[in-house]
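In what follows, a structure is listed as structure tokens, so that the remarks can point back to it.
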Amino acid sequence: MHTDRRSVLLSATALGLSALTAARAADRPSDKVRVAILGTRIRGKSLMGLFTQLPDVEIAAICDPDLNLIPAMLKQLPEKHTHKPAIVQDMRKVFEDRTIDAVANATPDHWHALGTIWALQSGKHVYTEKPLSHNIVEGRRMVEAAEKYKKVVQVGTQRRSAAYLAEAAAYVQSGKLGKVPFARTWIAGNRKTIGKKKDEAVPDKVDYDLWTGPAALRPFNRNRFHYEWHWNWDYGTGEIGNNGIHGLDLVRWLLALDAPRKISSAGGVFFFDDDRQTPDTQTVTYDFDKTTVVWEHRIWAKTGVRNQGFGVELIGEKGTLVVDDKGWHIEQGEEKAVKPTSGDLLHVRNFIDCIKTAKLPNAPIEEGHKSTRLCHLGNIAHRTGRTIKFDPTKEAIVGDEEANALMGRAYRKGFEVPASV
């Protein structure tokens with residue numbers, strides 16, 4: 001039933017996209033797609049570097065509440081990119097510009113939903129970074145907005161554009177591993193402590209109220225600002241949302257999994273003595289209908305399972321499939337090894353192509369939501385300290401009001417994610 005329903009939904013979405021973009025393609029078949037970059041640090045820089053490699057893309061604007069970051073972004077523009085992008089501090093100015101076709105949303109997690117929804121409402125296509133959302137309710141609103149406004153949304157789970165992993169998915173789904181009752185994915189970050197920092201004055205050229213956006217306004221602190229926001233519940237989703245999304249999305253894809261029924265978490269801030277709120281050590285167990293999936297992170301460790309910093313293993317009745325930095329291979333079964341190839345540039349290429357052709361992207365928003373949902377459920381199990389049961393039909397946690405409350409959040413006035421998009 002799920003597969004049939006998903007096929008119908010995807011077909012309907014594709015038809016809507018086709019109707020919407022056909023006229024545009026006919027009117028301006030040779031036009032460059034004008035993209036605005038929202039967020040200018042690690043992912044924003046990376047995405048701009050990818051988009052500027054595409055001859056049919058023009059960077060129309062660069063946006064960040066911290067104007068101190070803009071010069072470094074401008075230095076990264078290649079000489080062949082002769083157009084001078086607009087410099088914008090408030091993303092709402094980007095959405096008002098009707099000449100901009102799409103945005104690359106590389107903001108912190110707490111801005112992913114509102115930035116994406118506002119962009120869709122203004123008629124723009126969206127490439128949004130992972131994890132899709134800050135919480136489950138936001139993710140569902142983003143899906144609803146994409147369906148309503150019939151725009152292309154590509155989620156930044158770029159492994160879905162890697163051909164070697166598509167081959168691995170085909171291998172597993174052909175039945176060559178047989179039953180796969182157990183899967184594991186992990187990361188070891190070898191990160192340093194963030195230490196303990198005092199609140200301070202907001203730096204010059206930073207619109208901190210705007211940066212805070214939907215979250216509660218707290219005094220400025222560098223351990224709640226650039227990058228370190230990942231480790232604060234107000235803004236981030238911890239390491240499971242930061243990197244676990246890649247491994248969990250890959251497991252879902254390889255095994256064609258939908259939603260778990262039971263989720264439990266163990267771990268905490270066991271290694272570092274610093275300002276972080278999210279766990280530096282965590283193991284989450286997800287029980288699907290016929291498969292148990294385990295996520296592990298130890299962000300203080302130099303290496304992880306199988307002496308690999310990041311990886312996936314599917315343990316099946318006919319062998320074990322391993323995805324690591326060597327590609328993917330089969331152990332204890334039919335011997336096969338496929339070397340890795342990057343999907344990063346192909347992922348943004350796929351996004352632009354889908355804008356022009358009205359096809360669904362390789363990482364559609366519904367799939368991005370379901371994978372991100374795993375991260376949120378793991379964090380909810382961690383924060384409540386108990387096993388939770390999930391009803392995917394109602395998209396609700398069963399019999400646990402405290403856990404259900406963590407599926408959404410309260411918003412500051414003027415930055416509310418709408419209940420109806």
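Work out the charge dipole of the range 204-262 with +1 on the Cβ of Lys and Arg and -1 on the Cβ of Asp and Glu about the Cα centre, then indicate which of Asn243, Asn223, Gly213 is farthest towards its positive end. Most positive-ward Cα: Asn243.
Relative contact order of the chain, please, whole-number percent, based on alpha carbon pairs below 8 angstrom and at least 6 residues apart. Working shown, then result.
Numbers: 861 pairs, mean separation 85.5, N = 421.
Averaging sequence separation for qualifying contacts and normalising by length gives 20 percent for the chain.
Among rounded, prolate and oblate, which fits the range 283-413 when a ≥ b ≥ c are the square roots of the eigenvalues of its C-alpha gyration tensor, a/c under 1.5 means rounded, and a/b larger than b/c means prolate?
On the way: a/c = 1.90, a/b = 1.23, b/c = 1.55.
Verdict is oblate for the range 283-413.
What does the charge count around Tyr164 come to, taking other residues whose C-beta lies under 13 Å from its C-beta (Lys +1, Arg +1, Asp -1, Glu -1)? Mind dumping the intermediate values first?
Numbers: positive: Arg159, Arg160, Lys326, Lys336, Lys339; negative: Glu167, Asp324, Asp325.
Once positives and negatives cancel, what remains is +2.
Of Pro340, Gly368, Asn350, which is farthest towards the positive pole of the range 326-419's charge dipole, taken about the Cα centre with +1 and -1 on the beta-carbons of Lys, Arg and Asp, Glu respectively? Towards the positive end, the residue furthest out is Asn350.
One decimal place: the segment Lys80-Arg383 gains 104.2 nm when fully extended, by the rule 0.36 nm per residue minus the C-alpha distance. What the phi angles of the range 275-288 give under the Karplus curve with 6.51, -1.76 and 1.60, with θ = phi - 60°, is a coupling list of 7, 5, 9, 7, x, 8, 9, 8, 10, 10, 10, 10, 9, 8 Hz, glycine and proline written as x.
For Lys262, the residues whose modelled amide H falls within less than 5 Å of its own, excluding neighbours fewer than 5 places apart on the same chain, are Asp287, Phe390.
Given (i) 21.0, 61; (ii) 21.2, 68; (iii) 23.5, 79, which label gives Rg and Dmax of the Cα atoms in Å as computed from the coordinates? Checked against the structure: label (i).
Rounded to the nearest Hz, the phi-derived 3J(HN,Hα) couplings of the range 265-274 under the Karplus curve 6.51 cos²θ - 1.76 cosθ + 1.60 (θ = phi - 60°) are 9, 10, x, x, 8, 9, 9, 8, 10, 8, where x marks glycine and proline.
Just report the Cα centroid separation between the range 168-194 and the range 199-271, whole Å. Cα centroid of the range 168-194 versus Cα centroid of the range 199-271: 22 Å apart.
Normalised by the number of residues in the range 252-328, the average gap of Cα pairs under 8 Å and 6 or more apart makes the relative contact order 19 percent. For the range 200-345, relative contact order (Cα pairs under 8 Å, six or more residues apart, normalised by length) works out to 12 percent.
Residues within the reach of a label modelled at Glu96 (point 7 angstrom out along Cα to beta-carbon, backbone nitrogen below 18 Å), restricted to the range 114-134, are 115, 118-124.
Each residue of the range 256-263 was assigned a 3J(HN,Hα) from its phi angle through the Karplus curve 6.51 cos²θ - 1.76 cosθ + 1.60 (θ = phi - 60°); the sequence is 6, 8, 9, 9, x, 9, 9, 9 Hz, with glycine and proline shown as x.
Each value in this text was obtained by applying a stated rule to the coordinates, not by laboratory testing. As the structure is a prediction and not an experimental result, all values here were calculated from the model. With ideal geometry, Cβ positions are generated from the backbone for all residues, glycine too; neighbour counts draw on all protein chains shown.
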